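The values are calculated or read from the model by the stated rules, or taken from the named source; none is laboratory data. The model shown is predicted, which means the values in this text are computed figures rather than measured ones. Heads up, the Cβs are rebuilt from the backbone with ideal geometry, glycines too, and the neighbour counts pull from every protein chain shown.
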Amino acid sequence: MRQARKLLLLGCLAGLPAFAAADLFAKMDADRNGRISAAEHAEGARAMFRAMDADKDGRVTSREMTAAQGKVGSGKRSGMSSAEKIRVIDSNHDGVLSAEEHQAGSEVMFEMMDRNKDGRLTRGEYSAGHAKLLAKK
Ligand SMILES: [Ca+2]
Ligand SMILES: [Ca+2]
Ligand SMILES: [Ca+2]
């Protein structure tokens, strides 16, 4: 149960509106082979982090996250504040997300979505993972 909750939080944290999962899949699948590799997923997570880090200081604050989520219209979905979302993967507990902390969180998420553990996400695995984010409220 804790794992499911963590997955939910990671999804929210990454700022992924579940309805856009298909678009995101296409965006992350850089070589267009219909699979997202761990490297492609990591690159997607880095791009997301850069997008949230408005002042480009390499850290994402709750204020920056709230602003970024407001832009994609998913901010209210989870009913959690950005500060609460950050706390889930803020491993040094400074209230701010570093690129490393965000990366570690996205790796956990990748492993959870990769049901058959072949190191790649199919479109099915990806959307099932995101559907779960919505269902396990
Ligand atoms: Ca920042
Ligand atoms: Ca931190
Ligand atoms: Ca897989």
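A Cβ distance below 7 Å, combined with a sequence gap of six or more or placement on separate chains, defines the contacts here; from segment 84-113, residues that are in a helix (DSSP H, G or I) reach residues that are away from ligand 2 (no atom under 15 Å from the Cβ) and among the basic types (Lys, Arg) in the pairs Val88/Lys6. When you check Asn116 against the structure, is it modelled with pLDDT of 95 or more and within 17 Å of Lys132 (Cβ to Cβ), yes or no? The answer is yes for Asn116. The residue that is farthest from ligand 1 (Cβ to nearest atom), among those in segment 80-108 that are among the acidic types (Asp, Glu) and either under 17 Å from Met48 (Cβ atoms) or at pLDDT below 95 (or both), is Glu107.
Only a single criterion out of (1) under 21 Å from Ala26 (Cα atoms); (2) basic (Lys, Arg); (3) at pLDDT below 85 is not satisfied by Arg77, namely (1).
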